[in-house]
Amino acid sequence: MMNCRTVNAWLEMAQDDEVFIDADDINREAMENMWSFSPTDEETPQIEAADIVAFIRQVIAARRSALAGEQMLFYCWHDAQCRQLRFSLVSRSHGRLPFRREVRETQDLSLIADRVVNGDWRNGDFMRAPSEEGDAQEPPFILPVFVVPVP
């Protein structure tokens, strides 16, 4: 168990959730298996990036155990617009993730955890309007997504 009550509660809810499998419909499969998490203002100071890493690793371990014999991909990302940590599963037979934007797959779970906890939840400047100095174009955003096969 993690040191954070909020993250422990999230684990209790998510770890034994039934997994929906539909090798013919990646979007339905992704939506049926998706979980999203965001803390309240009171919970935020108690959550560390290391808690999120431990939480996701425990969810993955539970999915590996429950999905013996199935070929799935577990993936998680920071949904900046909703300010949420999200994860889901899809069948490997799809050969892709269900995003309609460019993604950068990573095996570094701490990258996602740090992004959501320190870059968003604990960052008072997150989502503030950019300054109007200059007309510099920002490079296109490529979504980092942690991906691991299960089982």
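The values are calculated or read from the model by the stated rules, or taken from the named source; none is laboratory data. This structure is a prediction, so every number in the text was calculated from the model and none was measured. Cβ sites come from the backbone with ideal geometry, for glycine too, and all protein chains shown count toward neighbours. The accessibility values were calculated without ligands, DNA or RNA, using every heavy atom of the protein model including side chains. Shrake-Rupley method; radii C 1.70, N 1.55, O 1.52, S 1.80 Å.
Pop out the carbon and sulfur fraction of the accessible area of the chain as a percent, whole number, probe 1.4 Å.
45
Starting from the amide H of Glu105, placed 1.01 Å from N in the peptide plane, find each other amide H under 5 Å away whose residue is 5 or more places distant or on another chain.
Val145
Which of the three applies to segment 58-115, rounded, prolate or oblate, going by the alpha-carbon gyration tensor with a ≥ b ≥ c and a/c under 1.5 meaning rounded?
Oblate, since a/c reaches 1.5 and b/c is not below a/b.
How large is the translational diffusion coefficient of segment 1-41 in µm² per second when you combine the Kirkwood radius over alpha carbon pairs with Stokes-Einstein at 25 °C and 0.890 mPa s? Each step should come with its number before you reach the end.
Details: Rh = 12.0 Å.
Calculated translational D: 204 µm²/s.
I need to check one value: relative contact order of the chain, counting alpha carbon pairs closer than 8 Å and at least 6 residues apart, in percent.
Relative contact order, the chain: 31 percent.
Using a 7 Å offset from the Cα along the Cα-to-Cβ direction at both Ala68 and Asn123, what is the distance between the two label points in nm, to one decimal?
Placing both labels 7 Å beyond Cα along the Cβ direction yields 4.2 nm.
What do you get for the angle between helix 5-14 and the principal long axis of the chain? Use alpha-carbon atoms, 0 to 90 degrees, nearest ten.
Roughly 40 degrees between the two axes.
Just to confirm, what accessible area per residue do you get for segment 31-99 at 1.4 Å probe, in whole Å²?
Using a 1.4 Å probe on heavy atoms only, each residue of segment 31-99 averages 47 Å².
Using Cα-Cα distances under 8 Å and only pairs 6 or more residues apart, what relative contact order does segment 26-92 have, in percent?
50
Only one of the listed values, [x] 55, 36, 23; [y] 41, 36, 27; [z] 84, 35, 20, was derived from the coordinates as Cα extents along the principal axes in Å; which label is it?
[x]
Each label point is 7 Å from the Cα along the Cα-to-Cβ direction; what then is the distance between the points at Arg83 and Arg101, in nm?
1.8
Could you work out how far apart the two model spin labels at Asp16 and Ser110 are, taking each label as a point 7 Å from the Cα in the direction of the beta carbon, and quote it in nm?
Between Asp16 and Ser110, the simple spin-label model gives 3.3 nm.
Is it possible to state the helix-based mean residue ellipticity at 222 nm for the chain, with each DSSP H run of 4+ residues giving -39500 (n - 2.57), the sum divided by total residues, to the nearest 500 deg cm²/dmol? What is it? Please list the in-between numbers first.
Numbers: 4 runs with 43 residues, N = 151.
Calculated from helices alone, the mean residue ellipticity at 222 nm is -8500 deg cm²/dmol.
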